[in-house]
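Undergrad: Please find one structure pasted underneath; my questions will follow.
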Amino acid sequence: MDSNYSMFAKLYDRLFDLDLYRDWDHFVQANVDSRASKRVLDLAGGSGRLAVLLAKQGYQTTLLDLSSEMLSLANQHAEENHVRLDLIQADMTDDWPLVDSFPLITSFADSLNYLPDLQTLQQTLIQVFHHLKKGGKFLFDVITPYQVKVGYDNYMYNNDDDPTHIFMWTSFPGDDVNSVDHDLKFFVYDDQLDAFKLVREIHHEQTYPIKKYIAILEKIGFTNIKVTADFGRSPVSDQTTRAFFSVEKA
């Protein structure tokens, strides 16, 4: 893990607030039957923060992600917490290299918003449907057009709590409707050079009106579609920034 992206993955991972993962975990627990089989696939699960929380609660957890660097971090977090994760490297838009189907599939933290268009979104949701057991649930979240247009309008965030790892985040409108680009910069102090090294990525996110997601889900065959806000604590409104979905395979 010596590449520039490996460094970015580590820096990006340490940036996230663990309380957010606890909220995602609470959303999962509130939407699953405690008597159901404790097998779960965390789709695009990144560094495994949620997967570890689920594994610590007795779930047999599989994590699928495209990034080998993120999967290495997930393995590290699993070892630190003395749990086991089944790690699969794959593109979620392609046929997944999995024979099993799951009673529960999750995908949070904007994962589906990183898909570039409706075609790849639909391809991914078809794979979810294919690998979900009958009667199983798919839980996910997405940012909303309101978040893109209002929440990320001229958005800037700086974090210099650690003077050796300074983070700068700027957002600006993407080229497509309801899209946003995030310019993420880390300035990491190098003792040997006595200077800061820049580690930078541009992240593109694309979203759609909630009705569009519902239409695609229904077209694929998902049923019992429920949409909420605030990790399931509130109904959605025209000012909802993040929508939480609970859907089933009939």
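Undergrad: What ³J(HN,Hα) values, in whole Hz, does the Karplus curve 6.51 cos²θ - 1.76 cosθ + 1.60 give for region 115-121 when θ = phi - 60°, with x put for Gly and Pro?
TA: 6, x, 7, 5, 5, 5, 4
Undergrad: Please report, to one decimal in angstroms, the Kirkwood hydrodynamic radius of the chain built from all distinct Cα-Cα pairs.
TA: The answer is 19.0 Å.
Undergrad: Ordering 27, 129 by accessible area with a probe of 1.4 Å, largest first, what comes out?
TA: 129, 27
Undergrad: Pull up all non-local amide H partners of residue 63: gap of 5 or more, or a different chain, and H-to-H distance under 5 Å with H placed in the peptide plane.
TA: 42, 86, 87, 88
Undergrad: If you don't mind, there's one more thing I want to ask. Could you provide, to the nearest whole Å², the per residue accessible area of region 46-161 with probe 1.4 Å?
TA: 46
Undergrad: So, one more: Which value in nm describes the separation of the simple spin-label points at residue 17 and residue 176, placed 7 Å from the Cα toward the beta carbon?
TA: Each label point lies 7 Å from its Cα, and together they span 2.9 nm.
Undergrad: Sticking with this structure for a sec: Counting only protein chains, not ligands or nucleic acids, how are 49, 35, 84, 22 ordered by accessible area (probe 1.4 Å), most first?
TA: Accessible-area ranking of 49, 35, 84, 22, largest first: 35, 84, 22, 49.
Undergrad: Continuing with the same structure: Over the chain, what is the relative contact order in percent, taking alpha-carbon pairs closer than 8 angstrom and at least six residues apart?
TA: For the chain, the relative contact order is 16 percent.
Undergrad: Give a residue-ordered list of calculated ³J(HN,Hα) values for region 148-156 (Karplus: 6.51 cos²θ - 1.76 cosθ + 1.60, θ = phi - 60°; whole Hz; x for Gly, Pro).
TA: Computed from phi, the couplings for region 148-156 are 5, 7, 10, x, 9, 6, 6, 6, 9 Hz.
Undergrad: Rounded to the nearest 500 deg cm²/dmol, what is the calculated helix-only ellipticity per residue at 222 nm for the chain, with -39500 (n - 2.57) per DSSP H run of length n ≥ 4?
TA: Calculated from helices alone, the mean residue ellipticity at 222 nm is -8500 deg cm²/dmol.
Undergrad: Can you say what percent of the DSSP beta bridges in the chain, counting only those with both residues inside, are antiparallel? Round to 5.
TA: Approximately 70 percent, going by the DSSP bridge assignments.
Undergrad: Under 20 Å between alpha carbons, and skipping anything fewer than 8 positions from residue 134 in its own chain: which aspartates and glutamates qualify?
TA: 33, 42, 95, 100, 218, 248
Undergrad: State the percentage of accessible surface on the chain attributable to carbon and sulfur atoms; use a 1.4 Å probe and exclude ligands, DNA and RNA.
TA: Of all accessible area on the chain, carbon and sulfur atoms account for 50 percent.
Undergrad: Dipole of the chain, Cα-centred, from +1 at each Lys and Arg C-beta and -1 at each Asp and Glu C-beta, to the nearest 20 debye?
TA: In total the dipole reaches around 1340 debye.
Undergrad: For region 182-197, what does the Karplus curve 6.51 cos²θ - 1.76 cosθ + 1.60, with θ = phi - 60°, yield as ³J(HN,Hα) per residue in whole Hz, taken in order and with x for Gly and Pro?
TA: Here the 3J(HN,Hα) series is 10, 9, 10, 10, 10, 10, 10, 6, 10, 4, 5, 8, 6, 7, 8, 9 Hz.
The values are calculated or read from the model by the stated rules, or taken from the named source; none is laboratory data. Values in this document were obtained by computation on a predicted structure and should not be read as measured data. Don't worry about glycine lacking a Cβ; one is built from the backbone with ideal geometry, like all the others, and counts go over all protein chains shown. SASA here: full protein model, heavy atoms, side chains in, ligands and nucleic acids out. Shrake-Rupley method; radii C 1.70, N 1.55, O 1.52, S 1.80 Å.
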